[in-house]
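Student: Input: one structure, supplied below.
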Amino acid sequence: MTASPAGAFDAPYDPEPISPYAQPADASVPQRGCAATLADPKNASGSIPAVQVIYAWHDGIGNRYEQQVEKIAKIVDRMDWSLDESTNYDQHINLSCRTGYSTSTYSGYAHALVVPEKIESGVIGGETPVQTITHDLADSGYDVDNRKYVVFEDFNGTANAWCEPACAATADAWASGTVLHELVHLAADGFYVDHPKVTEGSEILSYPDLMANPYYDWTLDHDFNNYYDPSETSATFYQGNYPDTRKANAASWPYFTTATCCDVGYSNDLLTAQERTVEAQAPYATPAGFSVSGGGWMQVTPPGSDSQVSARYYDGRRSLTMNVQSYAEGSVSVTRKPAVTAGQRYKFFAKLTTGTSGNVKLRLGWYNSSGTLISNSDGPVTALTTGWQEYSVSAVAPSGTATAQLSVVSPSGQNFAYVLDGLQLNQCNNGKTSDGCRVGNS
């Protein structure tokens with residue numbers, strides 16, 4: 001992603017992303033602070049893994065470090081705010097600072113955090129390639145195994161992520177969404193977390209899972225279904241599109257702090273990775289963690305062409321196929337019933353598609369502590385389409401509720417098959433959106 005038009009360099013500041021809700025004003029953005037402080041940022045071999053922030057300049061524009069240093073620090077603080085606010089898990093960026101500055105003032109903190117570096121081979125009057133940046137960093141000693149580098153380019157360059165020879169996320173148009181997006185590209189063993197596709201076609205149905213940029217929103221992964229899952233850091237997800245088999249989970253990246261529940265954020269999901277994505281199953285198998293009742297039977301979706309209803313929802317992951325039979329209402333359910341709180345609002349999301357036609361509805365079933373059904377909250381009966389769509393149903397857990405069951409229900413009298421994926425049970429307590437839930441993305 002190139003942030004500035006080729007052939008010209010303008011002011012480095014890009015608009016900050018404002019979705020899914022507005023970020024705070026600069027004065028209200030928490031100061032992240034330094035996770036590691038070193039006398040020499042080039043000698044970090046004994047330190048914890050951390051991110052080093054670089055202000056990069058060359059002779060084309062000149063050195064504007066003093067003019068830019070506090071602005072860069074504020075963008076980095078905003079990146080950390082975005083990471084922490086993406087979910088209700090407390091998680092932050094480990095930042096590396098240098099000694100010699102009093103961090104009791106914001107100016108001192110900014111100077112400790114942001115290190116200036118002249119890019120000797122920067123292209124004057126043109127675009128400087130990312131490889132020029134990473135080679136300069138390495139030549140200058142910024143190539144330490146336990147450091148990743150966030151580079152704010154004060155010249156015409158690129159927003160990119162590159163790990164040869166130094167591992168750096170770069171940006172010449174400065175906004176927290178852009179820089180965080182590039183940083184998380186590095187959050188895998190080695191190089192490189194790919195751009196995920198959210199549909200099986202070329203259209204963008206919903207926000208890309210791990211986007212965080214000014215053109216979409218500041219959240220990392222509001223579905224918890226690709227690369228970033230702080231609730232289940234042992235789960236891993238495909239780094240690239242099929243047939244890439246590499247997996248990672250950015251939430252377990254050592255350059256981020258250990259994720260700790262709970263500090264209310266945008267999206268609080270109560271499902272496991274398997275329940276969201278049918279992640280661990282082979283085609284034709286019976287999906288673990290799901291059950292069927294009434295008219296129908298299920299399987300992990302058989303292999304097929306990406307241009308049709310296929311085995312892949314995106315990035316090579318599997319999905320669940322429900323084969324509906326007409327003799328009775330059919331339900332496919334998440335077998336486990338997550339604990340919920342009476343009087344709290346919850347929202348069940350699921351992505352569905354069919355190769356033909358058919359009608360379904362989403363259901364939240366409320367159960368007491370003895371496992372007895374209290375009531376159901378049903379969404380509208382909906383005609384599925386041949387393209388993936390996200391559907392949802394939202395309700396307040398009634399008095400006496402202890403657990404909830406998620407189901408997709410097909411009314412009787414139908415014979416068709418649908419494909420199910422991308423489930424989420426969102427506790428609606430973020431305090432920012434109208435109902436406290438994450439925004440639907442269909």
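The values are calculated or read from the model by the stated rules, or taken from the named source; none is laboratory data. The structure presented is a predicted model; accordingly, all values stated were derived computationally and were not measured. Cβ sites come from the backbone with ideal geometry, for glycine too, and all protein chains shown count toward neighbours. The area values use the complete protein model at the heavy-atom level, side chains included, leaving out ligands, DNA and RNA. Shrake-Rupley method; radii C 1.70, N 1.55, O 1.52, S 1.80 Å.
Student: Could you please give the count of residues in region 104-114 that are open to solvent by 20 Å² or more (accessible area, probe 1.4 Å) and either under 29 Å from the mean Cα position of the chain (by Cα) or polar (S, T, N, Q) (or both)?
Tutor: 3
Student: Now for a separate question. So Ser104 passes all but one of these: (1) assigned to a loop (DSSP other than H, G, I, E, B); (2) in contact (Cβ under 8 Å) with a residue 12 or more places away in the chain; (3) within 19 Å of Ala39 (Cα to Cα). Which condition number does it fail?
Tutor: (2)
Student: Moving on to the next point. Which one of these is among the charged types (D, E, K, R), over 29 Å from Glu85 (Cα atoms) and either touching a His at 6+ places or on another chain (Cβ under 6 Å) or not in a loop (DSSP other than H, G, I, E, B) (or both): Lys347, Lys361, Lys351?
Tutor: Checking each option against the conditions leaves just Lys361.
Student: Cβ contacts < 8 Å: first residue of a type in the set (Asp, Glu), restricted to region 410-438; second residue open to solvent by 50 Å² or more (accessible area, probe 1.4 Å), any location; separation 6+ or different chain. Result?
Tutor: These pairs meet every condition: Asp435/Arg345.
Student: Within region 115-141, work out how many residues are closer than 19 Å to Cys97 by Cβ and buried (at least 24 other Cβ atoms within 10 Å of the Cβ).
Tutor: Of the residues in that region, 1 qualify.
Student: Something else: Taking the criterion of being in contact with a strand residue (DSSP E or B) (Cβ under 9 Å, 6 or more places away or on another chain), in a strand (DSSP E or B), modelled with pLDDT under 95 and open to solvent by 10 Å² or more (accessible area, probe 1.4 Å), would at least one residue in region 151-162 satisfy it?
Tutor: yes
Student: Given the conditions (1) part of a loop (DSSP other than H, G, I, E, B); (2) among the charged types (D, E, K, R); (3) at pLDDT below 95, which single one is not true for Arg336?
Tutor: If we test Arg336 against (1) part of a loop (DSSP other than H, G, I, E, B); (2) among the charged types (D, E, K, R); (3) at pLDDT below 95, just (3) comes out false.
Student: Then there's this: Looking for something free of Cβ contacts under 8 Å to residues at least 12 places away in the same chain and either open to solvent by 40 Å² or more (accessible area, probe 1.4 Å) or among the acidic types (Asp, Glu) (or both) - is there at least one such residue anywhere in region 66-89?
Tutor: Within region 66-89, one or more residues are free of Cβ contacts under 8 Å to residues at least 12 places away in the same chain and either open to solvent by 40 Å² or more (accessible area, probe 1.4 Å) or among the acidic types (Asp, Glu) (or both).
Student: Going by the conditions given, is Thr105 in contact with a Gly (Cβ under 6 Å, 6 or more places away or on another chain), at pLDDT 95 or above and of a type outside the set (Phe, Trp, Tyr)?
Tutor: It is false that Thr105 is in contact with a Gly (Cβ under 6 Å, 6 or more places away or on another chain), at pLDDT 95 or above and of a type outside the set (Phe, Trp, Tyr).
Student: Restricting the first residue to region 122-150 and requiring it to be more than 10 Å from Ala168 (Cβ to Cβ), which pairs with a second residue that is open to solvent by less than 20 Å² (accessible area, probe 1.4 Å) and of a type in the set (Phe, Trp, Tyr) meet a Cβ separation below 7 Å and a spacing of at least six or different chains?
Tutor: Between residues of region 122-150 that are more than 10 Å from Ala168 (Cβ to Cβ) and residues that are open to solvent by less than 20 Å² (accessible area, probe 1.4 Å) and of a type in the set (Phe, Trp, Tyr), the close pairs are Gly122/Phe155; Thr128/Phe155.
Student: Given the residues Lys351, Lys337, Lys347, which is the only one that is within 21 Å of the chain's Cα centre (by Cα) and open to solvent by 10 Å² or more (accessible area, probe 1.4 Å)?
Tutor: After ruling out the rest, the residue left standing is Lys347.
Student: Sticking with this structure for a sec: Among the residues in region 383-402, are any of a type in the set (S, T, N, Q) and under 16 Å from Val332 (Cβ atoms)?
Tutor: no
Student: Can you pull out the residues in region 354-373 that are in contact with a Ser or Thr (Cβ under 9 Å, 6 or more places away or on another chain) and open to solvent by 70 Å² or more (accessible area, probe 1.4 Å)?
Tutor: Thr356, Ser357, Ser369
Student: Among (1) β-branched (Val, Ile, Thr); (2) modelled with pLDDT of 95 or more; (3) within 22 Å of Ser267 (Cα to Cα), where does Ile18 come up short?
Tutor: (2)
Student: Still on this structure, I have one more. Return only the number of the condition from (1) touching a strand residue (DSSP E or B) at 6+ places or on another chain (Cβ under 8 Å); (2) surrounded by fewer than 21 Cβ atoms within 10 Å (Cβ to Cβ); (3) modelled with pLDDT under 90 that Ser291 does not satisfy.
Tutor: (3)
Student: Continuing with this model, one more query. More than 30 Å from the chain's Cα centre (by Cα), modelled with pLDDT of 95 or more, open to solvent by 40 Å² or more (accessible area, probe 1.4 Å) and of a type in the set (Ser, Thr, Tyr) - does that describe any residue in region 33-51?
Tutor: no
Student: Tell me which residues, restricted to region 271-288, are of a type outside the set (Ser, Thr, Tyr) and open to solvent by less than 20 Å² (accessible area, probe 1.4 Å).
Tutor: Within region 271-288, Leu271, Ala273, Glu275, Arg276, Val278, Pro287 meet the criteria.
Yes or no, residue by residue, for (1) at pLDDT 95 or above; (2) polar (S, T, N, Q); (3) part of a loop (DSSP other than H, G, I, E, B):
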| position | (1), (2), (3) |
| --- | --- |
| Ile54 | yes, no, no |
| Asn63 | yes, yes, yes |
| Lys71 | yes, no, no |
| Lys74 | yes, no, no |
| Trp81 | yes, no, no |
| Cys97 | yes, no, no |
| Tyr109 | yes, no, no |
| Gly122 | yes, no, yes |
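Student: Looking at this structure, is Thr245 modelled with pLDDT of 80 or more, assigned to a loop (DSSP other than H, G, I, E, B) and over 16 Å from Gln424 (Cβ atoms)?
Tutor: Against the criterion (modelled with pLDDT of 80 or more, assigned to a loop (DSSP other than H, G, I, E, B) and over 16 Å from Gln424 (Cβ atoms)), Thr245 does not qualify.
Student: Any idea which of (1) more than 23 Å from Ala22 (Cα to Cα); (2) at pLDDT below 90; (3) surrounded by 18 or more Cβ atoms within 10 Å (Cβ to Cβ); (4) of a type in the set (Val, Ile, Thr) is the one Thr219 doesn't satisfy?
Tutor: That leaves (1) as the condition not met.
Student: Any idea how many residues of region 388-416 are within 30 Å of the chain's Cα centre (by Cα) and under 20 Å from Val292 (Cβ atoms)?
Tutor: The number of residues fulfilling the criteria is 9.
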